[in-house]
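Down below is the structure, laid out as structure tokens.
What follows is calculated from the coordinates using simple rules that are stated; it is not laboratory data. Just so it is clear, the structure is predicted and the values come from calculations on it, not from any experiment. With ideal geometry, Cβ positions are generated from the backbone for all residues, glycine too; neighbour counts draw on all protein chains shown.
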Amino acid sequence: MKNKIPKFIAPCLWSYNINRMDLEEDRELIVTQVLNYGVWKDVKWLYSVYTEEDIKKVVCNPRRGLWFPKVLNFWETVLKIKIPKDKREKALFKPQSVARSL
């Protein structure tokens, strides 16, 4: 399965070398990034590679700090799932303000 990620998916995985990614080993990251940053073509590709059950598993167990709130809301609705509140809160991306980091 290595090296099967098409170049048009690269913008979703901008900080990764897609030539070194493995569709199985990196499934959680690929699904998360495509659902967060992808366009319709990217999502169609995702569904051609993974089953809806695979995608649901990733969304039901969201990686900490990687999800945008509106995106996670959207996919919960589309996939007809409910993520527990505490797990959901940990999954949300919360950028730090510039003033805090100074």
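Obtain the nm distance between the two label points defined at residue 36 and residue 20 by a simple spin-label model: each point lies 7 Å from its Cα along the Cα-to-C-beta direction.
Calculated label separation equals 1.9 nm.
Can you list the trypsin sites (Lys or Arg not before Pro) in region 11-102 that are in a DSSP coil and have 15 or fewer other beta carbons within 10 angstrom?
63, 64, 80, 82
What's the longest uninterrupted piece of the chain once you rule out the GluC sites (Glu not before Pro) that are loop residues per DSSP with at most 13 other Cβ within 10 Å?
Result for the longest clean stretch: 26-102.
Would you please state which residues of region 10-34 a label at residue 70 would reach in this model, taking the label point 7 Å out along Cα→Cβ and a backbone N cut-off of under 18 Å?
From region 10-34, the list is 33-34.
How much length, in nm to one decimal, is gained on full extension between residue 47 and residue 63, taken as 0.36 nm per residue of separation minus their Cα-Cα distance?
Full extension from residue 47 to residue 63 adds 3.8 nm.
Using a 10 angstrom cutoff on alpha carbons, build the Gaussian network for the chain and name the most mobile of 16, 50, 37.
16
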